[in-house]
Amino acid sequence: MEKQDWINKGYELIIALTPKIIAALLIWVVGGIVIKFMVRGVKRVLAKSKHDVSLQKFLVNLTRWGLFVILIISVLSTVGIATTSFAAILASIGLAIGLALQGSLSNFAGGVLIMLFKPFKIGDLIEAQGEIGSVKEIEIFTTKLIGLSNKEIIIPNGKLSNDTIVNYTTEGTRRVDLVIGVSYDSDIKQTKEVVMNVLTSHPLILKEPAPTVDVLALADSSVNFAVRPWSNAADYWRVYFDVTENVKLALDEAGIEIPYPHQVEIQKQG
C-alpha cells in the first residue's frame, strides 16, 4: 500500500472516529455532572434517615464508585467498544485482576463487615493495628483515624476487620490505671488516705464506680499502690495527668517519700 493510501485511510479513520470521540467526551462531562447531582441527592436522602454517619458516608462512596463504573462503560461503548466485547475482555482478565487486587477486594469486604457489625462509628476512640485514634471516616477500602497527636492514620479495612479492635468509647466511661510507689518507711493507711483525698476532690473523677486505692505489690525498693479512678471517656487523659501531678504534690506535702533508684558505695578496708 502506498503512502498516499495510508494517509487516506488515516483521514477516513479520523473522520469516522471524531463524532464518536466528541460524543464520548460529552457523555463523560455530562455524566460527571449528573453523578455529582445524584451523589448530592443520595447524601440528602441519607441525612434525613436515621442511619449513623459512618453508614451514610460508606453508602455515598459506594454510590459514587458504582456510577463512575457505569459512566466508563458508557463512554467505551460510545467510542465503539461493544459492551459485550467489554464484558468478554473483563471475563478474560478477571482472574488476573482478582489476583492483583486481592488486597483491595479484602479491604472492600472488610468495609462491608464493619458497616454490618458496627464495632465502631465515626467519633469513637479505638485501638487497632497498634494505633490509637478517633475514627474520622470509614471509606470503602480504608478507615481513617485521627491520632492522639493529631496525625492522620489510615488502616486498610481488611486488616481492621480481621484483627482485635479495642473501642474506648462504647461504654462511655474508662478506668484510669496508675501505679504509685512509696518508700517502706511510709504509713500505708496514711498514704491511702492522702491519695484517696486527691481522687475524691477531682471534679472529673466519677463517684460511681467509686475510685479505689489498694496495695498492689511489695517491690524491691517501694510499696506500690494501684490507683484506680473512673472518668468519662472524653476526660481520660485530663484525669490521668491531673491525678499523676496532684498525687505527687499531696505526697510531698504529707512528707511521704516516693523512692527513686540510687547507688550505695561500699568501701572495703584492706
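Anything in the range 138-195 that is of a type in the set (D, E, K, R) and in a helix (DSSP H, G or I)? List them, or say none.
Those that are of a type in the set (D, E, K, R) and in a helix (DSSP H, G or I): Lys159, Lys189, Lys192, Glu193.
For the structure I just gave you, tell me whether Val243 is more than 30 Å from Ile132 (Cβ to Cβ) and at pLDDT 95 or above.
No; evaluated as a whole, the condition is false for this residue.
Out of contact with any helix residue (DSSP H, G or I) (no Cβ under 7 Å at 6 or more places or on another chain), under 30 Å from Gly111 (Cβ atoms) and crowded, with 18+ Cβ neighbours inside 10 Å: is that true of Leu145 in this structure?
Yes, satisfied.
Collect the residues in the range 178-208 that are among the hydrophobic types (A, V, I, L, M, F, W, C), without any contact (Cβ under 8 Å) to a residue 60 or more places away in the chain and either exposed (fewer than 12 other Cβ atoms within 10 Å of the Cβ) or over 14 Å from Glu253 (Cβ atoms) (or both), keeping them in residue-number order.
Within the range 178-208, Val179, Ile188, Met196, Leu199, Leu204, Ile205, Leu206 meet the criteria.
Given (1) of a type outside the set (A, V, I, L, M); (2) at pLDDT 95 or above; (3) assigned to a helix (DSSP H, G or I), where does Asn224 come up short, assuming only one miss?
(3)
Give the residue that is nearest to the chain's Cα centre (by Cα), with candidates limited to residues of the range 119-137 that are aliphatic (A, V, I, L, M) and in a strand (DSSP E or B).
Val135
In the range 196-211, what count of residues is obtained for those that are part of a loop (DSSP other than H, G, I, E, B) and in contact with a Pro (Cβ under 8 Å, 6 or more places away or on another chain)?
Residues flagged as part of a loop (DSSP other than H, G, I, E, B) and in contact with a Pro (Cβ under 8 Å, 6 or more places away or on another chain) within the range 196-211 amount to 3.
Cβ-Cβ distance below 9 Å, separation of 6 or more or different chains: which pairs start in the range 112-126 with a residue that is among the basic types (Lys, Arg) and end on one that is in a strand (DSSP E or B) and buried (at least 19 other Cβ atoms within 10 Å of the Cβ)?
Lys121/Val135; Lys121/Ile138
Which residue, of Ala82, Ala47, Ala23, Ala16, is at pLDDT 70 or above and either of a type in the set (Phe, Trp, Tyr) or more than 38 Å from the chain's Cα centre (by Cα) (or both)?
Exactly one residue qualifies, and that residue is Ala23.
I'm checking my understanding of the structure. Among residues of the range 227-265 that are of a type in the set (Val, Ile, Thr) and part of a loop (DSSP other than H, G, I, E, B), which one is farthest from the chain's Cα centre (by Cα)?
Val264
The values are calculated or read from the model by the stated rules, or taken from the named source; none is laboratory data. Quantities reported herein were computed from a predicted structural model and do not represent experimental measurements. We place every Cβ from the backbone using ideal geometry, glycine too, and count neighbours over all the protein chains shown.
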